[in-house]
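Remarks on the structure that follows.
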Amino acid sequence: MGPTVDEFLKDCEQSGDAAYGAFRLVLERLEDPTSRVEARIFLSDLQKRFSGDSASADHCFHTYHFRIDDIFLDQYQGYQGRKKLTTMVIPSIFVPEDWSFTFYEGLNRDQDSIFKDKTVAELGCGNGWISIAISEKWMPSKVYGLDINPRAVKVSWINLYLNALDEKGQPIYDEEKKTLLDRVEFHESDLLSYCRENGIQLERIVGCIPQILNPNPDAMSKMITENASEEFLHSLSNYCALQGFVEDQFGLGLIARAVEEGIAVIKPMGIMIFNMGGRPGQAVCKRLFERRGFHVNKIWQTKVLQAADTDISALVEIEKNSPHRFEFFMGLSGDQPICARTAWAYGKAGGRISHALSVYSCQLRQPNQVKTIFEFLKNGYHEISSSLDLSFEDDSVADEKIPILAYIATILKESSFFPYEPPAGNKRFRNLIASFMKTYHHIPLNADNVVVFPSRAVAIENALRLFSPRLAIVDEHLTRHLPRQWLTSLVIESTGSDNPSEDVLTIIEAPRQSDLMIELIKKLKPQVVVTGMAHFEAVTSAAFEHLLGVTREIGSRLFLDISDHFELSSLPGSSGVLKYLAGTKLPSHAAIICGLVKNQVYSDMEVAFIISEEEAIFKALTKTVEVLQGITAPMSQYYYGCLFHELLAFQLADRRLPAERESQKGNSVEMIGFTSSAISVLNNSELSINEEENTSLIRMDVDQSFLPVPSTVKAAIFEGFARQNLSESEIDVTSSIKQFIKSNYGFPTDRSSEFIYADSSLALFNKVVLCCIQEGGTLCFPVGSNGTYISAAKFLKANILNIPTKSDKGFKLTEKILSEVLETVNKPWVYISGPTINPTGLVYSNEEIENILSTCAKFGARVVIDTSFSGLEFESKSWGGWDLEVSLSKLSYSGNPSFGVSLLGGLSLKMLSGAPKFGFLILNQSHLVDTFYSFPGLCKPHITVKYAIKKLLGLREQKSGNLVDAIAEQIKNLRRRSKRLKETLEKCGWDVLESCAGVSLVAKPSAYLNKIVKFKHSPEDDATYEVKLDDINIREAILKATGLCINSSSWTGIPGYCRLTFALEESEFERALDCIVKFKDIVST
């Protein structure tokens, strides 16, 4: 037996805590089926004791610390449901008031089916009445009422029993023969933590969540227990703490956190409905949802009086320190908004102020992708969530940008480092291009028909350099980024010479209209034709077929640009060229160029590709990318790859049989081939090894770090894409680069210094090489320089001279030898890799570089210092820093005006950034700047990359803990790797030159030279052949035997010495060491 009503009231009269304790005992009886009926009858009797007017209920609340009231629901004529709910409250939880009643009114305005058979959660349920009302009216599958206040949860359960059972304690069944006890549960939960921890996926989330007008960061530090004070538990319902969101400044941080937690647990078509006080302004409230990827619908709005005990002085303070103005009204009838300061003054003077109260219904526009984005952000990247902006006026922009962000988030989350990218382009990206052509245009291509370039201009220039025609005709719309010298030359007759000194490539501009273009081709008989097609001619294939026929007849190579007619769409427009290729194989003399610039978000983000069905063309063009650009910016490939993927993801694979295509008929005269100098360089250069299908090569032959990318870097990369409307100041990297080179190298700059940026330092270097050629200079490389750079200079037909270096000096430049060489050279340009030397990993000290520059100044040499491989020095004894400003100031009066120093650099290694490639070049001589800009076509870093780089440079300059610690840790790791690699090599018979910086070292395979090893021709073939090992073929021998890629002496330029890089992923590094030992065992046996 329970207590009588009088005994119960006597217990409650003592205090609010005592009243709560008494009701807990009632709840225990309600939960026990054997005492449930009796307990419910007891509550009926208790209610009847105070069932008069509101005065008696108020008396009960103040005397006995509880009240039981009826909340009347829909009373309009014809409503068939329950007319009222009976609810109990105690002082330590929120009493239902205007906020919650307005919220329920808003829910009533939505369609009747919104909650039917749905799984629902109510946040901040208080005494549970809204959860119960939702269940009563709309019969959801389940409602979870959640509150952080443990007493509120207990009171909610009591209220549930009050309404699930009638006054006699009998169950009340609905039309589906269920009671409220079947449909509703209440749980203690910090927002949605209960649902997250129990794997509950929701279809509806509703919340009447308070705004924090005066945040108290200490409020949440106390222990939350149901035995805490009434005052604390009541304030807890206000969530007094700052939530760590940008919306905190408007008191909306708690709602922002609720929304983001909701994204994780809501089902794809789910809806969130929130009550929002309009004090921050309607635009701010709406934006809270929109920037997180929601479509927002305001379903109800009214005004409520501001509670008299609410202090709005904090809002006045915010207005004083920011341009933002909060929104209040004078009384309920006022229709002109007033700011917080005016409202505060009016309230102090006795006036009544109100604010808007709105109910917003929100649905994610691309739920799966938005979930992916927020899943990434919550894993250590919360600090950048304030930068996220998924609000778009144009749905087509949203449809492109949100999947891109989700894809980048997935890459950053799942990959600890950015993988090796082949020069031809990311294999996945090339497969997507080929699949798009196959699916939408029925052209059966594969990845090996596609070569990716940084831009259309680069693709055209590389093709022209590969063939070096004496005369080319280029569409006038495509010449803007080609070298000025090509467009001004008047040499159109072939001299029959392949001498680089007589290399004159002449380009004649031609109109795009096909009949005029064909007339010029017939008259001038060019060796290469590059053209687009007029819009009116592109619809059918007739003009294209005519061009193919004419160029074949006279022996011209044809590069046809389809950029203007290529649509990334699920309903691409008609293209005569692509229709033709669906039925006829692309002739060997023709290739298709396509620049991808038609995206909805970034008009300046470009990637291009060339399609060729001729294997030799594919391979040669791939090598030009490696030699002249390195690789195409990975982030740009990821971007367009995502667009292709979105267009292919919903298609059924291999639904259409490959088209049967004809080969073009007709005889052709002999075509121009690759120039002998170009093909000689490409064939003899030690370029990257193509990875066969289902093989996994270990890359110790590339200048790339595969070490873990720090979270700070990942955050900067993502933020660059997440932000919208980046300002010029946020992407202007010049001041940051200026500070970077000053603090790292002491390099002097002034107003006349020209800062030039590109996707890679290699691309910038190649423009410098062209400047050297233009000036008639000789490019001087120390023996032991980067092999790719030397190959690039040779490909561009520069006059090259090697400066001898000595092993006892670590293959460094010395004054004596440098002087001897420069005495013999006219117009010398000296390339220096430093402070860290690639490939040896040694370092030039400040004194050494000062002496080298002094020698160069004496002979009037132009100096290019390449810092691209510096910044990771791990032996401090050999590296005390540079002060080039002091060194150069001593040489400023050298008297030789041709002397000058240009600084070349890249930040990918220094900033441990991986995919965002960024190169810089600082020129201090005005005439050199003019010459440089006569060679356009340079691919500039995208604004997203510049944003990330600027942010990282700022963090580095501020010595921000996370980034500086990550760099320091990786430098330690590189030191350990260098020592382990040296030890392993020496044990296996190599002579190693110990490195002290960077990511590589050189070693001589002394124990292997002149040894005979046997190899199979192929894994399937038992026939073998013998190889006598030397310092060049050892590269192929190690590759065939173990799958390890290294650079031979052909690449290093140092007789006998190979290069090995060691910034590999941890397991790959261990595999590499095993391969070195394995090769030793193979040779030994």
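The values are calculated or read from the model by the stated rules, or taken from the named source; none is laboratory data. What you see is a predicted model; the values in this text were computed from it and never measured. Note that each Cβ is placed from the backbone with ideal geometry, even for glycine, and that neighbours are counted across all protein chains shown. Please note that ligands, DNA and RNA were not included when accessible areas were found on the heavy atoms of the full protein model with its side chains. Shrake-Rupley method; radii C 1.70, N 1.55, O 1.52, S 1.80 Å.
Under a cut-off of 27 Å between alpha-carbon atoms, report the lysines in cross-link reach of K522, not counting same-chain residues fewer than 8 places apart.
Qualifying lysines at Cα under 27 Å: K579, K585, K665.
Give the cross-link partners of K809 among the lysines, using a straight C-alpha distance below 23 Å as the criterion and excluding same-chain residues fewer than 8 apart.
Cross-link targets: K858, K877, K979, K982, K1004.
What trypsin sites (Lys or Arg not before Pro) in segment 924-990 are in a loop by DSSP, with at most 10 other Cβ atoms within 10 Å of the Cβ?
Loop-located and lightly packed - K959.
7 Å from Cα along Cα→Cβ at both K809 and E383: what's the point-to-point distance in nm?
Going by the 7 Å Cα→Cβ label model, 4.6 nm.
Can you compute the modelled spin-label distance between S569 and K598, with each label point 7 Å from Cα toward Cβ, in nm?
Each label point is offset 7 Å from its Cα along the Cβ direction, giving 0.6 nm.
So if I take the centroid of the Cα atoms in segment 991-1007 and the same for segment 1-68, what is the distance between those two points in Å?
85 Å
Run the reach check for K427 against aspartates and glutamates, Cα to Cα strictly under 14 Å, same-chain hits fewer than 8 apart removed. What comes back?
List returned: D448, E691, E692, E693.
Whenever you get a sec, compute what percent of the accessible area on segment 726-958 sits on carbon and sulfur atoms (1.4 Å probe). Can you show the working numbers first?
On the way: 3940 of 8210 Å².
Reported share for carbon and sulfur atoms: 48 percent.
Before anything else, pin down the relative contact order of the chain: Cα pairs under 8 Å, at least 6 apart, normalised by residue count, whole percent.
8 percent
Could you run the Karplus curve 6.51 cos²θ - 1.76 cosθ + 1.60 with θ = phi - 60° over segment 548-563 and give me ³J(HN,Hα) per residue in whole Hz, x for Gly and Pro?
Along segment 548-563, the couplings run 4, x, 5, 5, 5, 5, 9, x, 9, 7, 10, 10, 9, 8, 10, 3 Hz.
Please compute the length gained on full extension between L487 and L27, using 0.36 nm multiplied by the number of residues separating them and subtracting their Cα-Cα distance.
In short, 156.6 nm is gained.
Would you calculate the separation in nanometres between label points at E728 and E545, each defined as 7 Å from the Cα along the Cα-to-beta-carbon direction?
5.2 nm
Can you pull the percent of segment 968-1084's accessible area that's carbon plus sulfur, 1.4 Å probe, other chains left in place?
C and S atoms contribute 48 percent here.
Given the whole protein assembly as supplied and a 1.4 Å probe, what does the accessible area of D17 come to in Å², nearest 10?
About 70 Å², rounded to the nearest 10.
For a quick check of understanding: with a 1.4 angstrom probe and all protein chains in place, what accessible area in square angstrom does S396 have, to the nearest ten?
Rounded to the nearest 10, that gives 40 Å².
Per DSSP helix of 4 or more residues, -39500 (n - 2.57); summed, then divided by the residues of the chain. What does that give at 222 nm, rounded to the nearest 500?
So the calculated ellipticity at 222 nm is -12500 deg cm²/dmol.
What does the charge add up to near I922, with Lys and Arg as +1, Asp and Glu as -1, over the other residues with Cβ less than 15 Å from its Cβ?
On the way: positive: K738, K742, R751, K767, R862; negative: D750, E754, D866, E885.
Computed value for this residue: +1.
Skipping prolines and chain starts, which residues have an amide H placed within reach, meaning under 5 Å, of the one on Y602, given they are 5 or more residues away or on another chain?
Distant-sequence amide H within range of Y602: zero hits.
Might you work out the accessible area of E414 for me, using a 1.4 Å probe with all protein chains in place, and round it to the nearest 10 Å²?
140 Å²
On a C-alpha basis, how far is the centre of segment 374-424 from the centre of segment 307-325 in Å? Whole number, if you could?
Cα centroid of segment 374-424 versus Cα centroid of segment 307-325: 36 Å apart.
Counting only residues 5 or more places away or on other chains, whose amide H sits under 5 Å from the amide H of V143 once H atoms are built in the peptide plane?
Those lying under 5 Å, H to H, from V143 are V120, V184, E185.
Among all stretches of the chain without exposed chymotrypsin sites (Phe, Trp or Tyr not before Pro) (DSSP loop, at most 10 other Cβ atoms within 10 Å), which one is longest?
So the longest stretch without any such site is 77-649.
Would you mind working out the accessible area per residue for the chain, using a 1.4 Å probe, and quoting it in Å²?
41 Å²
Taking a point 7 angstrom from the Cα of K525 along the C-beta vector, which residues in segment 531-571 have backbone N less than 20 Å away?
Residues 547-559 fall inside that zone.
Take the alpha carbon gyration tensor of segment 729-879, find the square roots of its eigenvalues, order them as a ≥ b ≥ c, and report rounded if a/c is under 1.5; if not, report prolate when a/b exceeds b/c, else oblate.
Oblate shape, in that a/c is at least 1.5 and b/c is the bigger or equal ratio.
So how much slack lies between E1070 and E167, counting 0.36 nm per residue of separation and subtracting their Cα-Cα distance, in nm?
Separation in residues times 0.36 nm, less the Cα-Cα distance, equals 317.6 nm.
Can you compute 3J(HN,Hα) from phi for each residue in segment 929-937, using the Karplus curve 6.51 cos²θ - 1.76 cosθ + 1.60 with θ = phi - 60°, rounded to whole Hz and x for Gly and Pro?
Result, ordered by residue: 4, 4, 5, 4, 6, 7, 10, x, x Hz.
Starting at the first residue of segment 471-478, write each ³J(HN,Hα) from the Karplus equation 6.51 cos²θ - 1.76 cosθ + 1.60 with θ = phi - 60°, in whole Hz, x for Gly and Pro.
So the J values, rounded to whole Hz, are 9, 10, 9, 10, 3, 4, 6, 10.
Full extension from N1010 to S1084: what is 0.36 nm times the residue separation minus their Cα-Cα distance, to one decimal in nm?
25.4 nm
How high is the FRET efficiency between S752 and N690 when r is their beta carbon distance and R₀ equals 56 Å, given to the nearest 0.05?
On the way: r = 45 Å, r/R0 = 0.81.
About 0.80, to the nearest 0.05.
Which angle between 0 and 90 degrees, to the nearest 10, do you get for helix 1066-1084 versus the longest principal axis of the chain when only C-alpha atoms count?
Once rounded, one gets 40 degrees.
Taking a virtual spin label 7 Å from the Cα of E1036 along the C-beta vector, which residues in segment 1069-1085 bring their backbone nitrogen under 19 Å of it?
The answer is 1079, 1083.
Nearest 0.05, what FRET efficiency do E414 and K959 give at R0 = 45 Å with Cβ-Cβ as r?
Working: r = 30 Å, r/R0 = 0.67.
Once rounded, the FRET efficiency stands at 0.90.
With angles folded into 0 to 90 degrees, how steeply does helix 150-164 sit against the dominant principal axis of the chain? Use alpha carbons for both and round to 10.
Relative to the chain, helix 150-164 is tipped by roughly 60 degrees.
Determine, from the Cβ-Cβ distance of V783 and E875 and an R0 of 25 Å, the FRET efficiency 1/(1 + (r/R0)^6), rounded to the nearest 0.05. Walk me through the intermediate numbers first.
Working: r = 23 Å, r/R0 = 0.91.
Computed FRET efficiency for V783 and E875: 0.65.
Report, please, the projected area of the chain averaged over directions, based on the convex hull of its C-alpha atoms, in nm².
Mean shadow area of the hull around the Cα atoms is 55.7 nm².
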